[in-house]
1. Just to confirm, what accessible area per residue do you get for the chain at 1.4 Å probe, in whole Å²?
2. How many percent of the accessible area of the range 56-123 is carbon or sulfur, using a 1.4 Å probe?
3. Given 25 °C and 0.890 mPa s, how large is the Stokes-Einstein diffusion coefficient of the range 1-111 in µm²/s, with Rh as the Kirkwood radius over Cα pairs?
4. Hey, got the dipole for the chain? About the Cα centre, +1 on K and R Cβ, -1 on D and E Cβ, debye to the nearest 20?
5. Which length gain, in nm to one decimal place, applies between GLN26 and ALA108 when the Cα-Cα distance is subtracted from 0.36 nm times their residue separation?
6. Normalised by the number of residues in the chain, what is the relative contact order in percent for Cα pairs under 8 Å and 6+ residues apart?
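The values are calculated or read from the model by the stated rules, or taken from the named source; none is laboratory data. As the structure is a computational prediction, the values presented were derived from the model and not from experiment. Heads up, the Cβs are rebuilt from the backbone with ideal geometry, glycines too, and the neighbour counts pull from every protein chain shown. Ligands, DNA and RNA are excluded from the accessible area calculation, which covers all protein heavy atoms including side chains. Shrake-Rupley method; radii C 1.70, N 1.55, O 1.52, S 1.80 Å.
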Amino acid sequence: MTDEATPLRPIDPLAHRALEALVRAQSNLTRRLAGDLERIGVSATGFTMLVLLTSAGGRLELRAMRRRLGASKATATEVLDTLENRGFVSRSRLESDRRAVAVALTQAGYNLVTHAFPAHAERVREAFGVLDETEKRQLADLCRKLDRAA
């Protein structure tokens, strides 16, 4: 190894700039939104899981949750362990497939979501307030396109 800096030249510099901007924006938005959630005892991923369960009627198969959230098995298990230990969810085996796990929202989890969601939704609105409606649609479309290609 030398003491001289080695110039690295990306094949597509614009793609690298876009990636850097996307990662930085995601990191800053996540940090901004997660801070308030962590003060009420839940991570951003945990809150997203609770919201998903609430909107699904209070119960979902774990595989379906992971697929909808794009979460790995390890991440989902870790987050669910925390939510279960705090009394926000419960897990059980499905009668139809003993290998599959169902996740159910508890009353405490439902209370947390219904209490915290309005303020969270307002913070999301404020965070994206710098974008007009067309830009929000374009951003969502671009992110879905990148997600499909990944």
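1. Per residue, the chain has an accessible area of 72 Å².
2. 49
3. Calculated translational D: 149 µm²/s.
4. That gives a dipole near 560 debye.
5. Gain in length upon complete extension: 26.6 nm.
6. 19
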